[in-house]
Amino acid sequence: MCGFAGFVDNMPVSQKDKVIREMADTIIHRGPDGEGYFTDDKVAMGFRRLSIIDLSLGNQPLFNEDESLVINFNGEIYNYKEIREELVSKGHVFKTNSDTEVIIHGFEEYGTDIVEKLRGMFGFVIWNRKTNELFGARDPFGIKPFYYYDTPELFMYGSEIKSFLPHPGFKKELNKKALKTYLMFQYSVPTESFFEHVYKLNPGHFFVYKDGKMDIHQYFKIEYRNNDDTLEEAVDKINNIMKESIEYHKISDVEVGSFLSSGVDSSYIVANANVDKAFTVGFAGNITAPGFNEIADAKGLCDILGMKHQQKDITPEMFFDILPTVQYHSDEPHANLSAVPLYYLANMARKEVKVVLSGEGADELFGGYYEYETPKEYEKYMKLPYGFRRFMKGVAEKMPKMKGRHFLIRAGSKLEESYIGQAFIMNNEEADLLLKPEYKEGKKYQQVTRPIYDEVSDKPELLQKMYMDMHLWMPYDILLKADKMTMANSLELRVPFLDKEVFKVSEQIPLKYIIHDYTTKYAFRMAADKTIPEEWSKRKKLGFLVPFKDWIKEEKWYAQVKEMFEKDFVDEFFNKEELMHLLEEHKSGRWNNGRKIYTVYAFLIWYEIYFVKNEVPKKPSYV
């Protein structure tokens with residue numbers, strides 16, 4: 001696991017050397033164990049290494065035999081030994097035992113088809129010194145990030161946007177169109193970013209850049225092929241492939257640990273991985289709502305399995321103190337509250353291990369979210385004519401906030417209107433109410449979701465929702481924060497559920513076993529029941545709940561958020577009266593605006609770091 005940065009331009013080589021080192025230094029947290037550089041009259045490539053496999057010889061950039069190809073690679077290829085044997089049989093000569101060298105020889109042998117052979121997580125580029133072509137690719141699920149900056153004068157690529165900042169040709173400009181959709185989704189939607197001319201390479205895509213032109217191709221597509229397996233057959237297939245995937249994800253020359261919550265996903269991984277150490281965080285204080293602290297349940301499983309368990313309680317002070325650091329490392333404003341406890345979790349784990357396993361992806365592959373099923377209370381109402389439900393939706397939208405309003409709106413909406421993923425912070429009208437006129441021009445959320453729904457318009461609603469989350473929520477929320485928060489602490493995170501062979505099994509599970517009798521992730525839970533105690537396999541999903549909505553009713557934290565909302569630069573983006581109305585309405589208990597407040601607050605913290613202060617925030621002394 002590492003970080004890379006590079007660029008293609010006509011800068012003199014001596015200047016390239018200086019700039020690429022500065023770019024790589026901005027992401028030293030991704031690779032504190034080593035560095036490497038390659039420059040010529042066309043390209044500059046920089047690399048920061050976190051050594052996991054082939055500790056002594058796996059440095060980059062690496063070359064093929066005649067040094068005509070140069071590679072920058074971030075990630076892990078779990079089937080590299082099998083591919084290596086195949087390439088050796090074809091006459092390729094290797095200098096290292098690293099997975100990186102397998103990719104470059106594989107590209108030499110198979111061309112762009114090499115991406116379809118790789119089993120793992122990756123972002124990489126290969127520079128062809130003979131043809132002056134740059135080939136780049138991102139893994140099928142978007143586990144590893146890949147950004148690029150594309151203007152007629154300059155092309156840059158990197159694991160993080162902040163690596164672009166030292167380049168003298170980079171024009172740091174805010175992409176005003178990104179703010180509106182961010183307020184609705186809580187993250188920036190693909191493929192644009194919050195920086196002008198900076199884009200995300202979508203998961204499952206590769207590109208070829210030559211002579212100032214970039215051609216992007218999709219090599220991996222999600223296709224549901226649900227079959228007629230019996231429950232027993234589905235369960236056995238899940239167990240077999242998951243155990244294989246977990247073994248692959250344990251391949252390492254350093255110790256591997258695991259994150260652990262109280263839920264079935266991480267519990268299943270921990271029970272099957274046979275690692276020695278597990279790590280959990282919770283929230284300190286008098287929190288009455290269930291799910292705010294999973295430490296006791298996680299420790300209980302470790303006691304049963306005979307594992308070492310480490311834990312940390314997060315206080316409100318710790319939460320607010322680390323927010324600038326979290327937003328800095330996110331590169332773009334990111335409003336998933338769980339990024340903060342994840343930062344502390346990674347920070348704690350890194351003091352003991354270099355690699356951790358984690359349960360991301362299980363809900364998206366196996367149907368784990370409650371939003372995937374039709375709630376019981378909807379069943380009778382949904383039998384009424386759609387025209388009537390649509391009429392009642394219109395009535396409800398004009399009503400003040402009250403109990404039942406959301407129910408009527410959702411039940412009278414088409415799927416592409418009511419479901420944009422696990423986070424739906426505010427609708428178009430609510431965002432427009434907060435924004436200044438020039439920021440209202442961003443896309444409506446339907447313009448983002450509709451093209452994705454169109455790709456699976458012939459599928460059942462359950463699969464449409466899962467498909468939506470696989471393309472937006474998972475790569476640009478869940479996996480983004482997982483990568484950024486762990487790498488901020490120089491920790492490699494691996495996700496055994498997001499393995500392409502696991503996905504092949506998951507996409508064939510009969511619909512009736514994805515959700516059955518109001519039990520989400522039914523087939524997977526039955527598989528887990530064979531490995532972990534029933535108390536864990538049957539436990540309802542809690543999510544990484546953060547009590548922010550409770551904290552900001554307290555005077556200290558309310559005042560801190562209010563102070564940010566009142567800063568002069570906020571007038572550029574928001575109607576301050578509406579922001580203060582949100583805050584006051586929440587503090588008084590009239591309405592829960594916690595998620596909306598945090599989404600705005602996170603953006604303002606991020607903007608202040610990157611565009612007002614222009615400096616790396618200092619971490620608290622206790623971190």
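Of note:
- On inspection, GLY300 fails the criterion of being among the small types (Gly, Ala, Ser) and either open to solvent by less than 10 Å² (accessible area, probe 1.4 Å) or assigned to a loop (DSSP other than H, G, I, E, B) (or both).
- For the range 315-373, the tally of residues that are outside any helix (DSSP H, G or I) and out of contact with any helix residue (DSSP H, G or I) (no Cβ under 8 Å at 6 or more places or on another chain) stands at 6.
- Checking the stated criteria, TYR372 turns out to be among the aromatic types (Phe, Trp, Tyr) and open to solvent by less than 30 Å² (accessible area, probe 1.4 Å).
- Residue check, VAL115 touching a Leu at 6+ places or on another chain (Cβ under 8 Å), touching a residue at least 12 places away in the same chain (Cβ under 8 Å) and not basic (Lys, Arg): no
- Among the residues making up the range 582-599, a single one is more than 28 Å from the chain's Cα centre (by Cα) and aromatic (Phe, Trp, Tyr): TRP591.
- Odd one out for ASN72, checked against (1) open to solvent by less than 10 Å² (accessible area, probe 1.4 Å); (2) of a type in the set (S, T, N, Q); (3) under 16 Å from GLY3 (Cβ atoms); (4) more than 23 Å from the chain's Cα centre (by Cα): (4)
- Filter pass, GLU116 being in contact with a His (Cβ under 8 Å, 6 or more places away or on another chain), open to solvent by 10 Å² or more (accessible area, probe 1.4 Å) and outside any loop (DSSP other than H, G, I, E, B): no
- Residue satisfying all of: in the range 421-456; of a type in the set (A, V, I, L, M, F, W, C) and over 23 Å from GLU196 (Cβ atoms); surrounded by the most Cβ atoms within 10 Å (Cβ to Cβ) among these: MET426
- Positions within the range 531-562 being at pLDDT below 80, over 24 Å from ILE241 (Cα atoms) and of a type in the set (Gly, Ala, Ser), in sequence order: GLY543
- Here LYS567 meets the list (1) of a type in the set (D, E, K, R); (2) modelled with pLDDT under 95; (3) under 21 Å from HIS334 (Cβ atoms) almost entirely, failing just condition (2).
- For the range 449-480, a residue qualifies if it is under 15 Å from VAL189 (Cα atoms) and charged (D, E, K, R), and the qualifying residues are ARG450, ASP469, ASP477.
- Test: residue in the range 553-571 that is touching a Phe, Trp or Tyr at 6+ places or on another chain (Cβ under 6 Å), open to solvent by 20 Å² or more (accessible area, probe 1.4 Å) and part of a loop (DSSP other than H, G, I, E, B): no
- Criterion violated by GLY136 - all others in (1) of a type outside the set (Val, Ile, Thr); (2) over 23 Å from SER490 (Cα atoms); (3) outside any helix (DSSP H, G or I); (4) more than 28 Å from the chain's Cα centre (by Cα) satisfied: (4)
- The helices (runs of 4 or more DSSP H) found entirely in the range 396-494 that carry 2 or more residues being β-branched (Val, Ile, Thr) are 445-454.
- Failed condition for THR151, given (1) among the β-branched types (Val, Ile, Thr); (2) open to solvent by 10 Å² or more (accessible area, probe 1.4 Å); (3) more than 30 Å from TRP473 (Cα to Cα): (3)
- Residue list for the range 330-357, restricted to those being under 12 Å from LYS277 (Cα atoms) and surrounded by 21 or more Cβ atoms within 10 Å (Cβ to Cβ): ALA349, VAL355, VAL356, LEU357
- The range 21-109 holds strands (runs of 3 or more DSSP E) entirely within its bounds, and those carrying 1 or more residues that are farther than 21 Å from GLU492 by Cβ, without any contact (Cβ under 8 Å) to a residue 40 or more places away in the chain and of a type outside the set (D, E, K, R) map to 34-39, 43-49.
- Subset tally (residues that are within 24 Å of the chain's Cα centre (by Cα), open to solvent by less than 30 Å² (accessible area, probe 1.4 Å) and of a type in the set (A, V, I, L, M, F, W, C)) for the range 220-252: 5
The values are calculated or read from the model by the stated rules, or taken from the named source; none is laboratory data. Source: prediction; values computed, not measured. Cβ sites come from the backbone with ideal geometry, for glycine too, and all protein chains shown count toward neighbours. Remember, those area values only see protein heavy atoms, side chains included, never the ligands or the DNA or RNA. Shrake-Rupley method; radii C 1.70, N 1.55, O 1.52, S 1.80 Å.
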